[in-house]
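Chemist: After the structure tokens below, expect a handful of questions from me.
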Amino acid sequence: EWKRYNEDPAHPLFDRALLGKLPPGSVFKVVDSIAGLEDRVWDPETPITCVGQTVLYGDVRRCWKKEGHGTVTFLEALRGSCNVYFYHRGDALGIDRISRWARRLGLGEKTGIDIDPEGRGVVPDPAWKRRVKGEPWWPGETVSVAIGQGALGVSVLQVTTVMEVVANEGQAYVPFLVSRVGDGEYRRAPQVAREVKLRADTLARLKGALHAVVNEPHGTGGKARIEGFGVSGKTGTAEAPPSG
């Protein structure tokens, strides 16, 4: 039985939640949003027009919605997960700012959960690429990272940490296992992992947009809607290149 599990091509013993180094896709637009709003790099009320694609650095960059989203502001772009909007916003942010905010929010770092081993993932920047590949960073790579693809690789648990920072208004806890459920007895006391100071208007805009993702007609996350509960969230789909 042990041999069968170890030789299974689906790798059932691999802990995907902690060790998976996966492209987060459009969930990463939450990181872009925080970076842009907090550093006031772009005005959330200034619209961008999406016709289904755009050209940046000589490459055609496509939106998931072939006919485009039309003219959208920040709220509409995050609600409908418009790639074209975040291509341009990510380009304006630049890779250094994007990677800095990604790390502040918990990506590229271990969460500290009491399960071993845990992976760090990869938050790429020019220094990382020079060290790992011996090559310069190209501006077009920033555009890919902005929508959660390219060299970016995160674990499922790291993504939940980013969303926890938003939900808890800047605070995230070290995840841990509980010994029992319902009696209030835990293996260790809750411990704050990180505190990220975010302005009230950043949180208000972001929470409003994430609520719209699930609860408004043009949101991409309608399947997560639960009547009577205030569910918010962000959808994400990414393409991973074949290995080998």
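Chemist: Assess whether Ala172 counts as being touching a Lys or Arg at 6+ places or on another chain (Cβ under 6 Å) and either part of a helix (DSSP H, G or I) or surrounded by 16 or more Cβ atoms within 10 Å (Cβ to Cβ) (or both). Don't jump to the end; show me each part of the working.
Modeler: Numbers: touching a Lys or Arg at 6+ places or on another chain (Cβ under 6 Å): yes; either part of a helix (DSSP H, G or I) or surrounded by 16 or more Cβ atoms within 10 Å (Cβ to Cβ) (or both): yes.
It is true that Ala172 is touching a Lys or Arg at 6+ places or on another chain (Cβ under 6 Å) and either part of a helix (DSSP H, G or I) or surrounded by 16 or more Cβ atoms within 10 Å (Cβ to Cβ) (or both).
Chemist: Which one is farthest from Leu203 (Cα to Cα) among residues in region 95-117 that are open to solvent by less than 20 Å² (accessible area, probe 1.4 Å) and out of contact with any strand residue (DSSP E or B) (no Cβ under 9 Å at 6 or more places or on another chain)?
Modeler: Ile95
A quick yes/no check of all residues on (1) over 27 Å from Val55 (Cα atoms); (2) at pLDDT 95 or above; (3) in contact with a helix residue (DSSP H, G or I) (Cβ under 8 Å, 6 or more places away or on another chain):
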site: Arg104; (1), (2), (3): yes, yes, no
site: Gly112; (1), (2), (3): yes, no, no
site: Asp116; (1), (2), (3): yes, no, no
site: Val123; (1), (2), (3): no, yes, yes
site: Arg131; (1), (2), (3): yes, yes, no
site: Trp137; (1), (2), (3): no, yes, yes
site: Glu141; (1), (2), (3): no, yes, yes
site: Val145; (1), (2), (3): no, yes, yes
site: Gly148; (1), (2), (3): no, yes, yes
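Chemist: Right, another one. Considering only region 78-123, how many residues are in contact with a Ser or Thr (Cβ under 8 Å, 6 or more places away or on another chain), free of Cβ contacts under 8 Å to residues at least 60 places away in the same chain and aliphatic (A, V, I, L, M)?
Modeler: Total satisfying the criteria: 3.
Chemist: Going through region 184-215 one residue at a time, which ones are part of a loop (DSSP other than H, G, I, E, B) and at pLDDT below 95?
Modeler: Residues satisfying the conditions are Gly184, Glu185, Tyr186, Arg187, Arg188, Ala189, Pro190, Gln191.
Chemist: Counting only residues that are touching a residue at least 40 places away in the same chain (Cβ under 8 Å), more than 21 Å from Leu206 (Cβ to Cβ) and not in a loop (DSSP other than H, G, I, E, B), how many does region 124-155 have?
Modeler: Final tally of qualifying residues: 6.
The values are calculated or read from the model by the stated rules, or taken from the named source; none is laboratory data. Model, not experiment: these values are computed from the prediction. Positions of Cβ are generated from backbone atoms using ideal geometry, with glycine treated the same way; all protein chains shown enter the neighbour counts. Ligands, DNA and RNA are excluded from the accessible area calculation, which covers all protein heavy atoms including side chains. Shrake-Rupley method; radii C 1.70, N 1.55, O 1.52, S 1.80 Å.
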